[in-house]
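Below is one structure; the comments refer to it alone.
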Amino acid sequence: MVEKSGSKVAVLGSGPAGLQAAEYLSSRGVEVHVYDRLPQIGGMMMFAIPERRIPKKRILKRREELEKRGVVFNLGVKVQDGNVRCEGDEIARQRTGFRELLHKYDAVLICTGAWRSRMLRIEGEDSRGVYPALELIFRIRLKELGYVNEEPDLGHRAVVVGAGRTAVDVVEELCMRGINVALVYRRKLAESRAYRELAELVRRYNIEVYEERNPVKIISNRGQVTGIEVCKVLRIGDKFTVDEKDRLVIDCDSVIEAIGEEPTPPIDEKVASEVGIEIEKGRIKVDEHFRTGNPKIYAAGDVVLGPSSIGQAVGTGLKAAKSIELYLREKI
Ligand SMILES: Cc1cc2nc3c(=O)[nH]c(=O)nc-3n(C[C@H](O)[C@H](O)[C@H](O)COP(=O)(O)OP(=O)(O)OC[C@H]3O[C@@H](n4cnc5c(N)ncnc54)[C@H](O)[C@@H]3O)c2cc1C
């Protein structure tokens, strides 16, 4: 039995960073309350990464173990102050204010990840059949996990824009469903960090690849996507422009934009400055102790690093938790 320290910490987000911190702090006798807007713990491990890479049973077992140690999970609760929105918010049952939690707890650790897809911001993007990649993956997982009855209808032919890790997962999900996929990438495919995985999928599923092409317009009929117009990319140094004269239209029923994700703090910049936190390029700024400008507030994982990996999220979550422990003992 761990001796209680008498301190209470709120951890926002139950992804790998938040869970690691909750595990460490609870092992040091701290009362830990985890808040997550989703109906189950695990963050991207549960709601983005496929079962074949991370068995969900493992995450559920972890929840049981943490609950046995006294960690409390408040699920379906979106913590927010100010104008913040991210993919999957609509599933939250309840909202609670960030400042309210700050008041209630001895320290707050923000591990809210990177849950907003970057968008191309081109004409026609509001058409039916256009999906941010993370939203699509999230909806597919919700269906697999039994939280909703249907997956989005993507038609017979989809265009995936982008060639990173999320694009790989999207392409694979679509191909497994028998959907015809075309891939559009602004560089040569061989330049992608996910080249090996993508090349394997291209070979296995006979995917059409449009390299050094950038979308300029989504074409629709009565609001439903029917195609995407792409131009040849011209590269001058590391600047990208397009050759307006070299255009082609790829016919499709859906477009999935997989061009990256952005960190999603639970507060906007205005509230952040009111509580003493700095948000730089969307990320929460922390010092070497993973502490923000407010000594009570810490942050870890993708919300600090930008899209990273489970290992990095776990590592920063642990470091932040150790710093919180020192802070609670008035050592830093
Ligand atoms: C499609 C895809 C595949 C990936 N595959 C891999 C892989 O194979 N291997 C690997 O190492 N990494 C992979 N990653 C990256 C990895 O999943 C992330 O880097 C990691 O999960 C980040 O951990 P985190 O704890 O910072 O955030 P997350 O795992 O994103 O967890 C954040 C949690 O915070 C919650 N939350 C957000 N905002 C609020 C709020 N305001 N109030 C309450 N709760 C909130 C979210 O619901 C979420 O549960 C993948 C990412 C994606 C998108």
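Read the figures in this text as sums done on the coordinates, not as results from a lab. Predicted model, so just to flag it, every value in this text is computed and none were measured. FYI the Cβ positions are ideal-geometry reconstructions off the backbone, even for glycines, and counts take in every protein chain you see.
Miscellaneous remarks
- All Cα pairs of the chain, percent lying beyond 32 Å: 35 percent
- Across the chain, C-alpha contacts under 8 Å between residues 6 or more apart give a mean separation that, scaled by the residue count, equals a relative contact order of 21 percent.
- Per-residue Cβ neighbour rank within 10 angstrom, fewest leading, PHE240, PHE98: PHE240, PHE98
- Gyration tensor verdict on segment 32-136 (Cα atoms; rounded if a/c is under 1.5, prolate if a/b is larger than b/c, oblate otherwise): oblate
- Rg over Rh, two decimals, segment 119-257 (C-alpha only, Kirkwood Rh): 0.96
- Assigned charges on the beta-carbon of Lys, Arg, Asp, Glu; the chain dipole about Cα centre (debye): 740 debye
- A simple count of charges around GLY70, restricted to other residues whose Cβ falls under 10 Å of its Cβ and scoring Lys, Arg +1 and Asp, Glu -1, yields +1.
- Were the residues from ASN83 through VAL2 laid out at 0.36 nm apart, the gain over their Cα-Cα distance would be 25.2 nm.
- Here the residues MET46, MET176, ranked from fewest to most Cβ neighbours within 10 Å of their Cβ, fall in the order MET176, MET46.
- For the pair LYS68 and HIS289, the difference between a 0.36 nm per residue extended length and the Cα-Cα distance amounts to 76.7 nm.
- Between ARG53 and ARG193, the modelled labels are 1.2 nm apart [label points 7 Å from Cα along Cα→Cβ].
- With contacts taken as Cα pairs under 8 Å at a separation of at least 6 residues, segment 158-248 carries a relative contact order of 22 percent.
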